[in-house]
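A.B. asks: My structure is below; once you've seen it, I'll send some questions.
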Amino acid sequence: TTTYFALDGGDGGTRFYRQLIMQDNVGFAVGNALDFSIEHNGTDTTIAEGTGNLTIKNTANDKDIIFQSDDGSGGVETYFFLDGSSGSDPRTVFPDSSSLYFGTDQDLQLRHNGTNSIISNSAGSLQFYQYVDDGDIVFFCDDGSGGNTQYVTFDGSHKRVIFHTDIQAAFGNSSRLVIVHDGTDATIRETQGDLQIVNTADDKDIIFQS
């Protein structure tokens, strides 16, 4: 014989030493009003809370909460996990080749394939909003020497687009047309074809000032 469960007078609880097996369609309920329940109907499993917040907590130091599911080929894959070792910088980690889809038809996709990061949209416009008064939208990129620098700023306080010092605006497959300001001088340069300045407004001029 062996102990299956015991009424523990020291802890004031019931200890189970074997699995607690609930038959299909028989729920496990907790609370005076049975507010929290776990049930399996023979096909699907449901975890339900009927009164307050539902909190999932892991208090072990530097340990994660891991979400896994079928990978479509007979195995089980980690889809994402909450990184418990990230300290005061909470992180939700999606492994390489994971995709986040938004919309009923999955029109907006965020993806990292292990090498590149991709934002793709297949319906309507792809819009970026900045609601902070006089706030900017700033694009940073590698500066070629191991750091990052501002390349382009949408300046909300002056309603202008700023290409920062030494950043070239290049047009054409071979960057044939270049507009650049080096901090002192501004240059417009065409390297192969004609450089045309066109004004199509009726009876209007092209004016050069200095």
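The values are calculated or read from the model by the stated rules, or taken from the named source; none is laboratory data. Nothing here was measured: the structure is a model prediction, and the numbers come from that model. Ideal geometry is used to build each Cβ from the backbone, glycine not excepted, and the neighbour counts take in all protein chains shown. Note: accessible area is taken over every heavy atom of the protein model, side chains too, but ligands, DNA and RNA are not part of it. Shrake-Rupley method; radii C 1.70, N 1.55, O 1.52, S 1.80 Å.
A.B. asks: Loop sites only, by DSSP: take the trypsin sites (Lys or Arg not before Pro) in the chain that have at most 16 other C-beta atoms within 10 Å and name the longest stretch containing none of them.
C.D. replies: Answer from the scan: 64-158.
A.B. asks: Could you do me a favour and compute the accessible area per residue for the chain, 1.4 Å probe, result in Å²?
C.D. replies: 84 Å²
A.B. asks: Something else about it: At most 14 other Cβ atoms within 10 Å and a DSSP loop assignment: could you name the chymotrypsin sites (Phe, Trp or Tyr not before Pro) in the stretch 125-193 that fit?
C.D. replies: Phe128, Tyr129, Tyr131
A.B. asks: So which aspartates and glutamates can Lys159 reach, going by Cα to Cα under 14 Å and dropping same-chain residues fewer than 8 places off?
C.D. replies: The qualifying aspartates and glutamates are Asp133, Asp134, Asp136.
A.B. asks: Now for a separate question. Please state the charge dipole magnitude for the chain, taken about the Cα centre, from unit charges on C-beta atoms (+1 on K and R, -1 on D and E), reported in debye and rounded to the nearest 20.
C.D. replies: 400 debye
A.B. asks: Can you send over the carbon and sulfur percentage of the accessible area for the stretch 1-76, probe radius 1.4 Å, protein chains only?
C.D. replies: 48 percent
A.B. asks: Mind checking the full-extension length gain between Asp143 and Thr43? Use 0.36 nm per residue of separation minus the Cα-Cα distance, one decimal, nm.
C.D. replies: 30.5 nm
A.B. asks: So, one more: Please compute the contact order of the chain in relative form: average sequence separation of alpha-carbon pairs under 8 Å and at least six residues apart, divided by the residue count, as a percent.
C.D. replies: Here the relative contact order equals 6 percent.
A.B. asks: Calculate the FRET efficiency for Ser85 and Arg160 from the Cβ-Cβ distance with a Förster distance of 35 Å, rounded to the nearest 0.05.
C.D. replies: The calculated FRET efficiency here is 0.20.
A.B. asks: Which value in nm describes the separation of the simple spin-label points at Val198 and Ser210, placed 7 Å from the Cα toward the beta carbon?
C.D. replies: Distance between the two pseudo-spin positions: 2.7 nm.
A.B. asks: Hey, what did the stretch 161-210 get for relative contact order, percent, Cα under 8 Å, at least 6 apart?
C.D. replies: 22 percent
A.B. asks: So, with +1 on the Cβ of K and R and -1 on the Cβ of D and E, and no other charges, what is the size of the charge dipole of the stretch 48-172 about its Cα centre, to the nearest 20 debye?
C.D. replies: For the stretch 48-172, the charge dipole is close to 120 debye.
A.B. asks: Shape of the stretch 30-76 from its Cα gyration tensor (a ≥ b ≥ c, root eigenvalues): rounded if a/c is under 1.5, otherwise prolate when a/b > b/c, or oblate?
C.D. replies: Oblate, because a/c is 1.5 or more while a/b does not exceed b/c.
A.B. asks: If you don't mind, another one. Of Ser175, Gly31, Phe5, which is farthest on the positive side of the dipole of the chain, counting Cα position, with +1 on Lys and Arg Cβ, -1 on Asp and Glu Cβ, and the Cα centre as origin?
C.D. replies: It is Phe5, whose Cα lies furthest towards the positive end.
A.B. asks: Dipole magnitude of the stretch 146-210 about its Cα centre, charges +1 at Lys/Arg Cβ and -1 at Asp/Glu Cβ only, in debye to the nearest 20?
C.D. replies: Here the size comes out at about 240 debye.
A.B. asks: Continuing with this model, one more query. How high is the relative contact order of the stretch 102-210, given as a whole-number percent (alpha carbon pairs under 8 Å, six or more residues apart)?
C.D. replies: 11 percent
A.B. asks: Quick one: if you stick a label point 7 Å off each Cα along the C-beta vector at Leu110 and Ser69, how many nm between them?
C.D. replies: 1.7 nm
A.B. asks: What full-extension length gain, to one decimal in nm, is calculated for Thr153 and Asn58 as 0.36 nm per residue of separation minus the Cα-Cα distance?
C.D. replies: Here the answer is 30.1 nm.
A.B. asks: While we're on this one: Determine the gain in length on full extension of the stretch Leu20-Phe171; use 0.36 nm per residue of separation and subtract their C-alpha separation, reporting nm with one decimal.
C.D. replies: Length gained between Leu20 and Phe171: 47.5 nm.
A.B. asks: Need the C-alpha centroid separation for the stretch 41-59 versus the stretch 89-140, integer Å.
C.D. replies: 29 Å
A.B. asks: Which whole-Hz ³J(HN,Hα) couplings does the stretch 172-187 yield from phi under the Karplus relation 6.51 cos²θ - 1.76 cosθ + 1.60, θ = phi - 60°, glycine and proline marked x?
C.D. replies: Each residue's phi maps through the Karplus curve to give x, 4, 9, 6, 5, 9, 10, 10, 8, 10, 9, x, 10, 10, 10, 9 Hz.
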